[in-house]
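For reference, the structure is listed below as structure tokens.
The values are calculated or read from the model by the stated rules, or taken from the named source; none is laboratory data. Quick caveat, the model's predicted, so the values are computed rather than measured. Every residue, glycine among them, receives a Cβ derived from its backbone with ideal geometry; neighbour counts consider all protein chains shown.
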Amino acid sequence: MRINYLELHNFRNYGDLRLDFNADKTIIIGENAQGKTNILEAIFYIASLNSYRAKSDSELIKWGEEICNIKLEINKSDTDILLETIINPPKKKILKVNSLKKNKSSDFISNLCVVNFSTADLMLLRGAPEDRRNWLDIAISQIYPAYLDRLSKYNKIRLQKNNCLKELRTEQSQNHEILDVWNSQLAVVGSNIIYLRLNFLNELIKNAKEMHKHISGTEELDITYNSTVITDIKINGTLEIKNEEILEKFNKELDMRKHEEIVRAQSIVGPHRDDISYFINKNDAKKFASQGQQRTVVLALKLAELNLIKQKTGHNPVLLLDDVLAELDGERQNYLLNAISENIQTVVTSVDAANFKEDFLKNVEIYKIKEGKLEK
């Protein structure tokens, strides 16, 4: 899987831009706030229909404009595929594959897989639970595109349920039967989301533990899924709970906490409230790990994600590295660069090329960017 070219129109600070990818590795160098990250963000958005920086799609549109367009041509299994998204809020974004409109997100994102590693990811452990859920959800959707549709359906049901809860709290309605209907639907979709999250983490942990030990030397990485539906589950590489069991527990928990949800007028049970905990030698990494130890955990997770996508899809994902090398020490830099195989297309942003070893600079294209203008 490779990117052939990227075209942007009114995206972030770009009016019009075309960038051709003719080498295995592309390095984009420039000072901060020149538009380096915007290029990687556009690639990531096409792959996942998510931005790791913007809270809404409207933030992606160049200031003063009303619409933006991203085009990305990839080569997959010796076939060129043109992906295009048109963002025009408040209208629904338009998705096209080879000029044919796609109505389902899963039909669009199934074409390109990427792994993004940015400086923001280095704070994954210390960040908010939402940050860890977002990473997990986007990573899963790279392997199981239909997962994104399930998330969308879950959030729509939850919105309807929250509206119902508000009516019940203000005594505008005493009809609990409607709430029971929403709870039943929420449990069915939500239990499947939890099951897929647990399945993904169990597949990820084996590779992540091995890589983490290799980087750290002796330290042992463990992961626990913290759920509002089921008891906290330690991820050990084997999924020991069935979807039906999660559904049963979900329904019981919703029934037990029905009154509390009405009082608070919000859904407090479900995967939208879940979290992930990381442990190093059985100590909570969020509380006790040093900055270097936390970065080792994230590095191991990202490289494990890269390998898992290749294993599950049969295609190498595109690797996006956003200014991350400058934040890693020499040992972790070397491990990351050595772990990138020759057949993985890699796009890197950096302030300069000083952090790259001579071997990495073989078969590489370097672009310099200033005020949104690129030159080779």
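A quick yes/no check of all residues on (1) over 29 Å from D284 (Cα atoms); (2) small (G, A, S):
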{"residue": "V188", "(1), (2)": "yes, no"}
{"residue": "R197", "(1), (2)": "no, no"}
{"residue": "L204", "(1), (2)": "no, no"}
{"residue": "G217", "(1), (2)": "no, yes"}
{"residue": "V229", "(1), (2)": "no, no"}
{"residue": "N236", "(1), (2)": "no, no"}
{"residue": "I241", "(1), (2)": "no, no"}
{"residue": "E244", "(1), (2)": "yes, no"}
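Return yes or no: is L159 in a helix (DSSP H, G or I), more than 21 Å from E41 (Cβ to Cβ), of a type in the set (A, V, I, L, M) and without any contact (Cβ under 8 Å) to a residue 40 or more places away in the chain? Spell out the reasoning first.
On the way: in a helix (DSSP H, G or I): yes; more than 21 Å from E41 (Cβ to Cβ): yes; of a type in the set (A, V, I, L, M): yes; without any contact (Cβ under 8 Å) to a residue 40 or more places away in the chain: yes.
Spelling it out, L159 is indeed in a helix (DSSP H, G or I), more than 21 Å from E41 (Cβ to Cβ), of a type in the set (A, V, I, L, M) and without any contact (Cβ under 8 Å) to a residue 40 or more places away in the chain.
Is there any pair linking a residue in region 249-260 that is in a loop (DSSP other than H, G, I, E, B) to one that is surrounded by fewer than 17 Cβ atoms within 10 Å (Cβ to Cβ), with Cβ under 9 Å and at least six apart or on different chains, and which?
Note: pairs meeting the criteria are R257/I268.
Report yes if some residue within region 315-325 is modelled with pLDDT under 90, outside any loop (DSSP other than H, G, I, E, B) and more than 20 Å from N134 (Cβ to Cβ); otherwise report no.
There is at least one residue in region 315-325 that is modelled with pLDDT under 90, outside any loop (DSSP other than H, G, I, E, B) and more than 20 Å from N134 (Cβ to Cβ).
Which residues, taken from region 98-149, are in contact (Cβ under 8 Å) with a residue 60 or more places away in the chain and small (G, A, S)?
S118, A120, A139, S141
Of everything in region 1-55, what is out of contact with any strand residue (DSSP E or B) (no Cβ under 9 Å at 6 or more places or on another chain), touching a residue at least 24 places away in the same chain (Cβ under 8 Å) and closer than 21 Å to A139 by Cβ? Give them in sequence order.
Passing the criteria: only N50.
Could you tell me how many of the residues in region 277-297 are assigned to a helix (DSSP H, G or I) and either in contact with a Cys (Cβ under 9 Å, 6 or more places away or on another chain) or of a type in the set (D, E) (or both)?
0
Could you tell me which of the residues L221, L186 is touching a helix residue (DSSP H, G or I) at 6+ places or on another chain (Cβ under 6 Å), buried (at least 21 other Cβ atoms within 10 Å of the Cβ) and more than 23 Å from I268 (Cα to Cα)?
L221
Scan region 183-220 for residues that are touching an Asp or Glu at 6+ places or on another chain (Cβ under 9 Å) and either β-branched (V, I, T) or assigned to a strand (DSSP E or B) (or both) and report the count.
Residues flagged as touching an Asp or Glu at 6+ places or on another chain (Cβ under 9 Å) and either β-branched (V, I, T) or assigned to a strand (DSSP E or B) (or both) within region 183-220 amount to 4.
Among the candidates N116, N69, N88, single out the residue that is surrounded by fewer than 19 Cβ atoms within 10 Å (Cβ to Cβ), polar (S, T, N, Q) and out of contact with any His (no Cβ under 8 Å at 6 or more places or on another chain).
Answer to the selection: N88.
So, in region 85-131, of the ones that are hydrophobic (A, V, I, L, M, F, W, C) and assigned to a helix (DSSP H, G or I), which residue ends up farthest from the chain's Cα centre (by Cα)?
My answer is F108.
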